[in-house]
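> Below are the structure tokens for one structure; questions will follow.
The values are calculated or read from the model by the stated rules, or taken from the named source; none is laboratory data. Since we're looking at a predicted model, the values are computed, not measured. Quick reminder, even Gly has a Cβ in these numbers, built from the backbone with ideal geometry, and neighbours come from all protein chains shown.
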Amino acid sequence: MDARKRPIRGLWVRNDRYYAQITVEEPHSGKKQVCRVPLEGATAPAQARQQLEELQVNRRRGNLLEIKRTPTFSEYADKYIKYYQQAKDDKQASTLKMETYTINQ
């Protein structure tokens with residue numbers, strides 16, 4: 001809420017943490033998506049509002065943050081298996097072999 005007890009549009013508070021809800025356009029497809037961006041270092045509504053306005057200005061200029069793409073299961077599985085192959089003592093060879101077999105299925 002602002003000084004007049006009105007809600008600030010696009011500003012959210014959850015567990016004493018401030019978030020900005022803004023619409024971002026993907027650079028490759030041009031598809032618009034609503035994102036909730038955490039506002040780091042904002043401890044008061046005035047600071048959060050200032051950071052929200054900075055994000056909105058950056059969006060208009062076109063240099064806003066990129067939307068992160070969630071990796072597919074196969075990308076994540078490859079990364080998982082490579083990590084545990086390099087970390088020798090974390091898992092036994094038979095466990096790693098069984099997990100690789102299960103993931104490939």
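> Within the group Glu25, Glu54, which residue is of a type in the set (D, E, K, R), at negative phi and at pLDDT below 85?
Values: Glu54 fails: at pLDDT below 85.
Testing whether each residue is of a type in the set (D, E, K, R), at negative phi and at pLDDT below 85 leaves just Glu25.
> Quick one: what pairs do we get from segment 1-22, first residue at pLDDT 85 or above, second hydroxyl-bearing (Ser, Thr, Tyr), C-beta under 6 Å, 6+ apart or different chains?
Pairs that qualify, where the first residue is at pLDDT 85 or above and the partner is hydroxyl-bearing (Ser, Thr, Tyr), are Trp12/Tyr19.
> A further question on this structure: Where the second residue is of a type in the set (Gly, Ala, Ser) and in a loop (DSSP other than H, G, I, E, B) and the first is over 17 Å from Asn58 (Cα atoms) and in contact (Cβ under 8 Å) with a residue 60 or more places away in the chain and lies in segment 28-42, which pairs have Cβ atoms under 9 Å and are six or more apart or on separate chains?
Close Cβ pairs satisfying both conditions: none exist.
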